[in-house]
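This report refers to the structure that appears directly beneath it.
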Amino acid sequence: MRNGSFCLLISLLLTGPVRGESSGIPAFLQPGQDYVMKFAGPSPFEKSVRISVGTDQAERNGGRRTKQLAIEVFTIVSRAGGSWVLVEHPKEIDDATKWNAKRVAMASLTPQSIAALQSTEDGRARLEQLRARASVEIETSRTWVNVDHVVTIRKVPIEPSQSDSPGLKDGSQ
């Protein structure tokens, strides 16, 4: 019975929902726009990496910890039939943190926010930070994604502090 359940799970991951038909692409997904997407189960857009930590406590424990890298922001390139969308993302998962920070910074640089930030000294410093993050060059790739396997899709937060995702809060991770 366990093997049968495992095969059913694999089949569902590869073919989509049990109901036998795709739910289609949500109408709000528009080409050229960025969205935060969370996938059901393991995703090819995430990985764990071991990092060295320089504290005495960490050195006694082997000096290593793990960090989760996850591409969370995707640019919709085009919509296809059924529930498939072509998304743009960094070519290398190691660029996930820079990519997420870049896309949040780009979303934050609206005419209204720029005008508000330019009115104070702290705001001008923040604006400089946002522009620096938004200008980072990252090599990209494109992948077809079945949105039936995406748990949540939402617009990119305008400010990282508005996010519940650690990967979007601070581009310096």
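Among all residue pairs at least 6 apart or on different chains, which show Cβ distances below 9 Å where the first residue, located in region 15-36, is polar (S, T, N, Q) and open to solvent by 70 Å² or more (accessible area, probe 1.4 Å) and the second is modelled with pLDDT of 90 or more and not in a loop (DSSP other than H, G, I, E, B)?
23/147; 23/148; 30/76; 30/79; 33/75; 33/76; 33/155
Please verify whether region 120-142 includes one or more residues that are hydroxyl-bearing (Ser, Thr, Tyr), within 24 Å of residue 30 (Cβ to Cβ) and open to solvent by less than 20 Å² (accessible area, probe 1.4 Å).
No, there is no match, as no residue in region 120-142 is hydroxyl-bearing (Ser, Thr, Tyr), within 24 Å of residue 30 (Cβ to Cβ) and open to solvent by less than 20 Å² (accessible area, probe 1.4 Å).
Taking the conditions exactly as written (without any contact (Cβ under 8 Å) to a residue 60 or more places away in the chain, in a helix (DSSP H, G or I) and of a type in the set (Ser, Thr, Tyr)), does residue 113 satisfy them or not?
Judged against the criteria, residue 113 is a match.
Test each condition in (1) within 15 Å of the chain's Cα centre (by Cα); (2) in a helix (DSSP H, G or I) for residue 124 and report the one that comes out false.
(1)
Looking only at region 69-78, decide whether some residue is open to solvent by 30 Å² or more (accessible area, probe 1.4 Å), under 24 Å from the mean Cα position of the chain (by Cα) and either modelled with pLDDT of 90 or more or of a type outside the set (Ser, Thr, Tyr) (or both).
Yes, there is a match, as at least one residue in region 69-78 is open to solvent by 30 Å² or more (accessible area, probe 1.4 Å), under 24 Å from the mean Cα position of the chain (by Cα) and either modelled with pLDDT of 90 or more or of a type outside the set (Ser, Thr, Tyr) (or both).
Mind listing whichever residues of region 41-68 are at pLDDT 70 or above and more than 26 Å from residue 102 (Cβ to Cβ)?
Within region 41-68, just 41 meets the criteria.
The values are calculated or read from the model by the stated rules, or taken from the named source; none is laboratory data. Computed from a predicted model, the values in this text were never measured in an experiment. Here the Cβ is made from the backbone with ideal geometry for all residues, glycine too, and neighbour counts use every protein chain on show. Calculation scope for accessible area: heavy atoms of the full protein, side chains included, ligands and nucleic acids excluded. Shrake-Rupley method; radii C 1.70, N 1.55, O 1.52, S 1.80 Å.
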